[in-house]
Amino acid sequence: MYLDLKGLKIVIIGGNNPCKQILEILLGPGLKDLATEVLAVADTLTHSEGIIYAREKGIMIIKDYSDICKLSSVDVILKLKNDKTLSCILDKVDTERTIIIDLDDYQSVSFLNFLQAEEEKIRIKRKIQIEGTDKKEIIDLFDQFFRKIQKNAEEENRYLKVDREELIKIEKELSQIIQGSMIPTFIINNDHIISHWNTACEELTGHKSYELVGTDRQWVPFRSAKRPTMADVIVGGMSEEEVSKYYGSSWRKSALIKEAYEAEEFFPHLGDGGKWIFFTAAPIKSPDGKIIGAIETLRDLTEDKKAKEELEIQDKKLSHLYVKHKISEDRYRSLFNDNPNPIFIVDRQTLEILDVNQRVETEYGYSKAEILGKSFLFIGNQTDETIKRSLQELPENNSILFTKKKHFKKNKTSFFVNVKVVHATYAQRNVLIASTTDITESVEKETQLIQAGKLATLGTMAAGMAHEINQPLNVIQICADLIIKMIAKGKAIPDDELVMIAKDIIENVARAAGVIKHVRDFSRQSERDLKKLIVNDPIRDVFKVLGHQLTIHSIKVELDLDSGIPEINAEHNRLEQVFINLVTNAIDSMDENAEKVKKEGGKAEKTLRIKTYSEDNRVVAKVSDTGHGMTEEVKQKIFEPFFTTKETGKGTGLGTSISFGIIKDYGGTIDIESEYGKGATFIIRFPKIQTGE
């Protein structure tokens with residue numbers, strides 16, 4: 001790093017190390033001849049070492065970063081602090097007049113070495129200019145300078161070596177994670193060469209990693225001739241027209257990962273009879289934002305497709321059987337036992353199991369003798385009064401479908417089913433016929449999709465989390481430094497000041513721990529287990545992860561949460577994801593609207609309003625924004641998977657589709673009130689828990 005320091009006017013942002021070291025050299029006698037001037041040191045924390053030293057030297061201290069823009073004749077800004085809010089402020093700086101140098105840990109070491117070298121160079125020049133300096137003394141001076149430069153280089157090399165070792169360690173851990181993943185995955189580099197092909201990918205495709213790693217033959221398991229995989233599309237930076245040339249209408253942009261593509265195709269030569277594969281490819285980027293490779297994951301949809309087709313066929317058979325009531329007893333019994341789904345004959349009033357087909361014994365592990373006479377609720381949630389009431393009150397000639405219910409086998413193993421119930425007559429009794437379909441694999445894959453959505457959301461919020469954790473850590477560091485310095489100087493710390501410092505440390509440790517715990521709880525994969533909760537709680541938790549984002553985007557938040565609102569049956573983790581999706585969509589909508597209004601010479605209001613209340617037997621949550629709103633066409637399509645109104649590369653609509661599915665799982669509804677150009681309001685209604693449930 002080289003910078004002509006002569007006559008420069010400098011502002012330093014960030015008062016922690018190495019601010020003080022830089023100030024000591026710039027203000028010291030060694031660089032006095034360069035007339036370098038430090039105009040100000042800026043930091044929101046006023047007890048840091050650099051701020052204290054600057055104050056002692058009479059240098060201006062700035063607490064509000066926006067005041068930096070008010071300074072005139074600033075030549076260089078040295079940015080030692082990584083604070084997201086600085087980006088918005090420094091964007092206003094005239095970079096043609098002022099140089100902004102962003103110094104990370106390594107660059108800070110390099111800059112200090114540069115200053116020390118300049119100091120040494122000036123000292124040697126002064127010596128040489130003194131009359132009477134002999135040749136030997138000049139050689140000694142140059143030796144000293146060389147040794148200084150060599151020492152600085154060795155220090156930087158040591159720093160780089162540690163960084164390199166850390167990168168190697170991370171690479172090994174990443175390889176282990178990818179190799180051990182149950183999701184078929186491969187990675188290519190910027191030259192389209194395969195670097196990873198995990199075991200799950202070997203099992204799905206039948207091609208071993210040693211055959212493919214180090215080659216550009218990633219197309220071989222899928223195509224009869226060379227053609228770009230989705231990962232090649234990402235690395236090659238293909239246009240949408242080029243992608244469509246290879247994938248037609250089967251591809252789309254990923255809703256979960258920015259700049260990722262996905263597609264679904266049938267490959268007739270994979271496995272026995274071919275396989276349906278859903279694949280997603282995402283870019284791998286260097287710190288400076290350049291694409292250095294791509295990762296592609298595969299998912300086998302073949303069984304899902306077959307199960308769906310089989311279910312449609314069986315539903316038609318059952319419908320014919322239950323509605324007509326004219327099939328002979330022999331035909332009925334044959335269909336009853338041959339049906340691939342478990343079927344229960346249940347008394348309408350008592351819900352006693354009267355008969356079961358052979359599939360019940362196979363799937364649930366009970367013999368017919370063990371399960372007859374027991375309540376139908378015995379195989380599921382026995383305390384679910386909602387199911388009990390719905391079955392007993394089901395009108396004749398009607399049917400009902402319960403989705404994603406947890407059932408238990410004889411060995412206590414749980415699995416998820418859809419339960420379809422219809423009326424029928426059995427042995428001259430008015431009964432219910434219940435058919436269950438195992439959807440465990442589908443639920444698990446849906447859960448993985450929702451989990452991936454959470455992780456993508458966390459990725460966009462990483463900067464906010466870093467800010468939330470860095471603030472308490474900075475306070476703790478300052479308090480600790482102050483105590484150590486007071487002890488080193490032999491000064492007694494007054495009791496009241498010590499108590500205040502201790503409280504600051506305790507409060508900020510708790511704050512950082514709370515942020516970390518919340519992120520960990522949000523990111524974990526939750527069980528599908530409904531519990532009683534107040535809808536206000538997941539709404540408040542949204543602002544633990546998005547509060548900083550809202551501040552950065554200058555969005556005003558108005559919360560009107562009813563403190564006496566009734567409880568609902570839901571899952572906190574998934575409800576929080578619903579409201580995070582609505583809030584992030586609102587942020588995008590208001591930003592786009594504000595940009596449009598700004599171009600027209602105006603200024604748009606940016607306000608997010610969330611209100612909760614109860615009406616009749618429902619709990620209601622309203623999420624309103626002042627964004628660009630929706631047309632009638634958009635309102636009709638907003639909950640369709642992969643539908644989006646965002647710009648290219650900013651999303652494809654799965655987030656809203658997932659949210660709709662979660663709300664529906666809890667018996668809820670979601671409505672939209674919106675007019676284009678006048679914002680949007682999402683109204684979510686959940687059934688409240690009735691007395692005795």
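Computed quantities for the displayed model
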{"item": "Rough spin-label spacing in nm, given labels placed 7 Å along Cα→Cβ, for Ser239 and Glu385", "result": "6.4"}
{"item": "Point-to-point label distance, Asp104-Thr631, nm (Cα→Cβ direction, 7 Å offset)", "result": "4.4"}
{"item": "Restraint check, Lys305/Lys637; Lys306/Lys420; Lys70/Lys678, Cα-Cα greater than 28 Å", "result": "Lys70/Lys678"}
{"item": "Per-pair calculated FRET efficiency, R0 = 30 Å: Arg540 and Phe408 via Cβ, rounded to 0.05", "result": "0.30"}
{"item": "Order of Lys598, Lys606, Lys637 under a 10 Å beta carbon neighbour criterion, fewest first", "result": "Lys598, Lys637, Lys606"}
{"item": "Label-to-label distance, nm, for residues given as Lys596 and Lys308 (7 Å Cα→Cβ offset)", "result": "3.4"}
{"item": "Proximal charge balance of Lys57 [Cβ under 11 Å; K/R count +1, D/E count -1]", "result": "0"}
{"item": "Chain lengthening between Arg158 and Phe278 when straightened (0.36 nm per residue, less Cα-Cα)", "result": "38.6 nm"}
{"item": "Ranked Thr612, Thr607, criterion: other C-beta atoms within 10 Å, fewest first", "result": "Thr607, Thr612"}
{"item": "Members of Lys9/Lys81; Lys63/Lys290; Lys405/Lys606; Lys388/Lys409; Lys599/Lys664; Lys290/Lys622 lying beyond 31 Å, as alpha-carbon distances in this model show", "result": "Lys63/Lys290; Lys405/Lys606; Lys599/Lys664; Lys290/Lys622"}
{"item": "Potential extension, Ser249-Ser209 segment - 0.36 nm per residue separation minus Cα distance", "result": "11.3 nm"}
{"item": "Exposure proxy ranking, count of Cβ atoms within 10 Å, fewest first, for Ser367, Ser435", "result": "Ser367, Ser435"}
{"item": "Potential lengthening between Thr362 and Ser73 on full extension [0.36 nm per residue; Cα-Cα distance subtracted]", "result": "95.8 nm"}
{"item": "Label zone at His269, where the point sits 7 Å out along the Cα-to-Cβ direction: region 202-233 residues whose backbone N lies under 14 Å", "result": "205-207, 218-227"}
{"item": "Region 58-113: proportion of alpha-carbon pairs further apart than 14 angstrom, %", "result": "59"}
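Laboratory data are not the source of any read-out in this text; all were calculated from the coordinates shown. From a predicted model like this one, the values you see are computed outputs, not experimental measurements. Using ideal geometry, Cβ is built from the backbone for each residue, glycine included, and neighbour counts are taken over all protein chains shown.
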